[in-house]
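Student: Once you've had a glance at the structure underneath, I'll fire off some questions.
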Amino acid sequence: MLAIAYLVGRWYFLKQLDINNSLTKNSELLIIMLLVAGVLGAKILFLIKHPDKSHLMFNGEGFSSQGALLGALLATYLFTLYDKTKLHQLLDSAAPAAILAYALARIGCFLSGDDCYGIPTDLPWAMSFPHGIKATDQLVHPVPLYEFGYSMAIFILLLARKKKVTRPFDQLFMLAGLWGFCRFMVEFVSTNEKVILSMSSSQFGALLMFIASGIFFVRGRGKKDLH
């Protein structure tokens with residue numbers, strides 16, 4: 001599913017770059033940089049959050065979506081220094097592709113039954129994962145399905161408002177705000193350890209994303225500058 005997520009995300013990102021007249025001869029280099037930086041960022045931030053799980057350093061488990069986002073942002077910035085492409089054109093084009101790829105990757109978490117599922121519940125859609133990587137016979141929240149659902153909703157919303165974009169980084173911060181809010185809410189039923197102000201590290205990171213998005217849109221209210 002990670003491979004499928006990467007291929008679909010790559011295809012859609014290149015398609016958006018072409019539509020926005022931002023496709024360059026170095027676009028494939030950017031894709032490779034995003035892949036490497038995304039994976040490294042996801043693994044590094046996961047290990048920072050969970051130092052007790054250092055044994056997963058070279059394992060197919062243990063990734064942080066927020067770490068992948070930070071790694072991708074850094075890679076994109078470094079690429080603009082080389083290619084001279086405008087940073088906002090790349091990031092705004094990448095926003096819908098990123099959340100689409102994330103949605104597909106979460107299906108992988110669901111199918112594998114890793115420890116991304118949530119706390120026990122008696123809700124009608126509760127599930128157990130007796131044959132998962134982290135097996136459980138308890139009925140729990142299928143958190144990866146929640147994340148798939150809200151990710152696809154965000155993807156559709158980003159597409160719907162694309163023609164209304166008026167400023168650089170608009171799509172990026174809309175993604176950050178919506179993703180941050182949804183992840184913040186889902187963390188209430190996750191099994192992640194609460195470490196910061198009664199929040200998990202992922203929930204705290206999601207809150208920062210939401211706040212950053214709010215600041216961007218409040219400060220930029222009324223501005224219309226696409227240059």
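The values are calculated or read from the model by the stated rules, or taken from the named source; none is laboratory data. On a predicted model such as this, the values are computed, not experimentally measured, just so you know. We place every Cβ from the backbone using ideal geometry, glycine too, and count neighbours over all the protein chains shown.
Student: Quickly run through region 45-64 and pick out the residues that are surrounded by fewer than 22 Cβ atoms within 10 Å (Cβ to Cβ) and either modelled with pLDDT of 90 or more or among the polar types (S, T, N, Q) (or both).
Tutor: Those that are surrounded by fewer than 22 Cβ atoms within 10 Å (Cβ to Cβ) and either modelled with pLDDT of 90 or more or among the polar types (S, T, N, Q) (or both): Ser54, Asn59.
Student: What residue, among those in region 128-149 that are hydrophobic (A, V, I, L, M, F, W, C) and closer than 19 Å to Ala105 by Cα, is farthest from the chain's Cα centre (by Cα)?
Tutor: Looking at the filtered set, the residue picked out is Phe129.
Student: Check region 100-109 and report whether any residue there is touching a residue at least 60 places away in the same chain (Cβ under 8 Å), aromatic (Phe, Trp, Tyr) and in contact with a Pro (Cβ under 9 Å, 6 or more places away or on another chain).
Tutor: There is no residue in region 100-109 that is touching a residue at least 60 places away in the same chain (Cβ under 8 Å), aromatic (Phe, Trp, Tyr) and in contact with a Pro (Cβ under 9 Å, 6 or more places away or on another chain).
Student: I've got another one for you. Return the total of residues in region 64-86 being of a type in the set (A, V, I, L, M) and free of Cβ contacts under 8 Å to residues at least 24 places away in the same chain.
Tutor: Number of matching residues: 2.
Student: Right, here's the next one. Consider Ile156 against the criteria (1) at pLDDT below 95; (2) surrounded by fewer than 18 Cβ atoms within 10 Å (Cβ to Cβ); (3) of a type outside the set (Lys, Arg): it satisfies all of them except one. Which criterion is unmet?
Tutor: Tallying (1) at pLDDT below 95; (2) surrounded by fewer than 18 Cβ atoms within 10 Å (Cβ to Cβ); (3) of a type outside the set (Lys, Arg), Ile156 fails exactly one: (1).
Student: Look through Gly41, Gly67, Gly9 and report the one residue that is more than 20 Å from Asp114 (Cβ to Cβ), in contact with a Leu (Cβ under 7 Å, 6 or more places away or on another chain), of a type in the set (Gly, Ala, Ser) and surrounded by 13 or more Cβ atoms within 10 Å (Cβ to Cβ).
Tutor: Gly9
Student: I've got another one for you. As an exercise: evaluate Leu172 against (1) of a type in the set (A, V, I, L, M, F, W, C); (2) assigned to a loop (DSSP other than H, G, I, E, B); (3) in contact with a His (Cβ under 9 Å, 6 or more places away or on another chain) and give the number of the one condition it does not meet.
Tutor: (2)
Student: Could you identify the single residue in Ser198, Ser202 that is among the small types (Gly, Ala, Ser) and in contact (Cβ under 8 Å) with a residue 60 or more places away in the chain?
Tutor: Criteria check complete, one pass: Ser202.
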